[in-house]
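Report on the structure given below.
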Amino acid sequence: MIKMVNEKLLYEGKAKSVYQGENDEEVIIKFRDDMTAGDGARHESMGQKGYLNSILCAKIFEIIEEAGVKTQFIELTEPCVMKAMKLEMIPIEVIVRNIATGSIVRKFPFEDKTPLNPPLVQMDFKADEYHDPMLNDAIAKALGIATQEELDKLRELALKVNEIMKKMFKDIGIILVDFKIEFGKDKEGNIYLGDEISPDSCRLWDAETMDMLDKELFRQGKDDEVIEAYQEVYNRLLSDEEKAKFN
């Protein structure tokens with residue numbers, strides 16, 4: 001187990017806890033088995049969920065890094081425990097949609113499962129107390145959470161991440177429907193992809209059956225199918241050698 005400085009908790013989210021690392025430049029992110037929906041109104045614990053998400057997140061971040069997008073990921077020291085660069089997180093959730101479904105269909109007159117070309121980039125204000133409302137550039141700048149240059153950069157990076165992940169998932173027979181990502185800044189103001197990418201933060205459909213392989217199963221009350229779906233993504237994305245490393 002990697003050492004944390006006095007077990008100093010910096011932040012506790014719905015499914016992860018962030019601790020101070022061994023120096024001021026690093027944090028330790030611990031993935032928990034918690035599963036929530038509806039702004040935390042529904043909360044369950046699902047065995048193996050933290051294990052699977054941490055390994056999947058590490059693998060996805062490695063692929064994204066190799067394709068040229070900087071992330072806060074340093075290493076997965078063991079399942080559920082990730083060493084990462086310490087960032088000041090930007091309170092914006094950047095959502096990229098390749099297919100219209102979910103909340104955008106409920107809020108706008110899109111027909112469910114309509115392909116979106118080009119993809120839609122949506123930004124939400126990350127604040128549970130306000131239920132993560134949708135942002136436009138004017139509101140984001142008025143709130144002082146990002147400059148126009150930073151907002152443009154977030155869109156550019158989000159679309160690049162989308163292209164990387166669409167190919168990654170297509171190669172293993174999965175459709176990347178949409179996903180949510182977050183970014184943060186280092187001490188010099190450089191922007192890095194942060195937080196997590198996993199079946200918790202993506203909509204993933206099997207390319208042949210169109211079966212869901214993500215957190216939407218939990219939102220729909222299909223709790224007994226959740227871990228099986230996450231395991232399927234894990235089995236497809238990781239090589240046998242990579243799986244053996246964590247067994």
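Points worth noting:
- A single entry from 203, 219 fulfils the requirement of being of a type in the set (Lys, Arg), open to solvent by 60 Å² or more (accessible area, probe 1.4 Å) and in contact (Cβ under 8 Å) with a residue 40 or more places away in the chain: 219.
- Checked against the criterion of being closer than 29 Å to residue 243 by Cβ and at pLDDT 95 or above, the candidates 161, 121, 94, 105 yield just one match: 161.
- Where a residue in the stretch 42-63 is in contact (Cβ under 8 Å) with a residue 24 or more places away in the chain and aliphatic (A, V, I, L, M) and its partner, wherever it lies, is open to solvent by 40 Å² or more (accessible area, probe 1.4 Å) and in a strand (DSSP E or B), with Cβ under 9 Å and at least six apart: 58/75
- Residue count for the stretch 39-96, restricted to those that are under 30 Å from residue 136 (Cβ atoms) and among the hydroxyl-bearing types (Ser, Thr, Tyr): 1
- Positions within the stretch 64-87 being closer than 18 Å to residue 191 by Cβ and touching a residue at least 60 places away in the same chain (Cβ under 8 Å), in sequence order: 64, 67, 68, 69, 70, 71, 72, 84, 85, 86, 87
- The single condition among (1) open to solvent by less than 20 Å² (accessible area, probe 1.4 Å); (2) small (Gly, Ala, Ser); (3) without any contact (Cβ under 8 Å) to a residue 60 or more places away in the chain that residue 102 does not satisfy is (3).
- In the stretch 29-47 there is no residue matching the filter, namely being more than 23 Å from residue 215 (Cβ to Cβ) and of a type outside the set (D, E, K, R).
- Checked against (1) under 26 Å from residue 76 (Cα atoms); (2) under 16 Å from the mean Cα position of the chain (by Cα); (3) touching a residue at least 12 places away in the same chain (Cβ under 8 Å), residue 177 passes all but a single condition, namely (1).
- Sole residue being open to solvent by less than 80 Å² (accessible area, probe 1.4 Å), within 16 Å of the chain's Cα centre (by Cα) and closer than 19 Å to residue 76 by Cα, chosen from 15, 37: 15
- Test for residue 187: is it in contact (Cβ under 8 Å) with a residue 12 or more places away in the chain and open to solvent by 30 Å² or more (accessible area, probe 1.4 Å): no
- Residue check for residue 68: at pLDDT 95 or above and over 15 Å from the mean Cα position of the chain (by Cα): yes
- Count - residues of the stretch 222-244 that are in contact (Cβ under 8 Å) with a residue 40 or more places away in the chain and either loosely packed, with under 11 Cβ neighbours inside 10 Å or closer than 13 Å to residue 46 by Cβ (or both): 5
The values are calculated or read from the model by the stated rules, or taken from the named source; none is laboratory data. Since the structure is predicted, the reported quantities are computational estimates derived from the model, not experimental observations. Neighbour counts are summed over all protein chains in view; Cβ atoms, including those assigned to glycine, are modelled from backbone coordinates with ideal geometry. Each accessible area value is taken on the protein alone, full model and side chains, heavy atoms only, with ligands, DNA and RNA left out. Shrake-Rupley method; radii C 1.70, N 1.55, O 1.52, S 1.80 Å.
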